[in-house]
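Provided herewith is a single structure, encoded as structure tokens, for subsequent inquiry.
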Amino acid sequence: MTISQNQKDILKTIGLITFATGAIILAPNLLQILKPLNKDKRYRYKKTIKKLYNDKAIYLSGEEIRLTKKGERLLKQIEVEEITIEPKDSWDGNWHLVCYDIPEKYKGRRNYLRRKLIEFNFYQIQKSLWVYPYECQEEIAVLCQNIGVAPFVAYLNTDHLPQQEKLMRLFRLD
């Protein structure tokens, strides 16, 4: 299912409010929270909510609205897609390593993790050993937890690596 930006916004809002209040949301209040300023946008939001309902991502009944299991999975997917790792202003001299041994039955998740590490500009030292010069333990932990591979992934720090000069040039740390 392709998720539009409006759908992402609505799912995140429902998820955030449900998480914050620990309860369901009453539909009239939801429309007030999501209510855009002009009528055209209001129509699009109502249409988006209806599409999410038809796709079984949200549950609507009377005044009750909440995420379904599918909606929770979509919200988790959105959160994972929005994780970013930005280079810091200065390098602290430590290397941050991500290594994993993910079983074959989780091959799809392993491939997804590998694609995300490439997207984050990690450098592959060995088949399942990746390096990055800046602190990113929290982002990696959230990613691994959300895709269900946290027990198979280790995050390590070191101040020296073989071929360190090559890595420093690669990450432009000179």
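Readers should treat all values here as calculations from the given coordinates under stated rules, not as data from a laboratory. Not measured: the values here are computed from a predicted model. Every residue, glycine as well, gets a Cβ built from its backbone with ideal geometry; the counts of neighbours run over all protein chains shown.
Of Asp89, Asp40, how do they rank once you tally other Cβ atoms within 10 Å and put the fewest first?
Values: Asp89 6, Asp40 9.
Fewest to most other Cβ atoms nearby, the residues stand as Asp89, Asp40.
Let me have the 222 nm mean residue ellipticity of the chain computed from DSSP H runs of 4+ only, each contributing -39500 (n - 2.57), with the sum over all residues rounded to the nearest 500. Before the final figure, lay out each step's value.
Details: 7 runs with 85 residues, N = 174.
Taking each H run of at least 4 residues, the total per residue is -15000 deg cm²/dmol.
For region 95-170, state the semi-axes of the equivalent ellipsoid (square roots of 5 times the eigenvalues of the alpha-carbon gyration tensor), sorted largest first and rounded to whole angstrom.
Working: eigenvalues 95, 31, 23 Å².
They are 22, 12, 11 Å, listed from largest to smallest.
Then there is this: How far, in nm, would the chain grow between Ala150 and Glu165 when pulled straight, counting 0.36 nm per residue and subtracting the alpha carbon separation? Spell out each step's value before the answer.
Values: separation 15, 0.36 × 15 = 5.40 nm, distance 3.08 nm.
Going from the current span to full extension adds 2.3 nm.
Ok, one more. What are the extents of the Cα atoms of the chain along their three principal axes, listed from largest to smallest and rounded to whole Å?
Extents along the principal axes, in whole Å: 63, 38, 27.
Taking the Cα centre of the chain as the origin and placing charges on Cβ (Lys, Arg +1; Asp, Glu -1), which of Val142, Phe122, Leu97 is farthest toward the positive end of the dipole?
Val142
Please check the chain for the longest run free of trypsin sites (Lys or Arg not before Pro) that are loop-located per DSSP (anything but H, G, I, E, B) and have at most 16 other Cβ atoms within 10 Å.
Values: sites that count: Lys56, Lys88, Lys127, Arg172.
Longest run free of exposed loop sites: 1-55.
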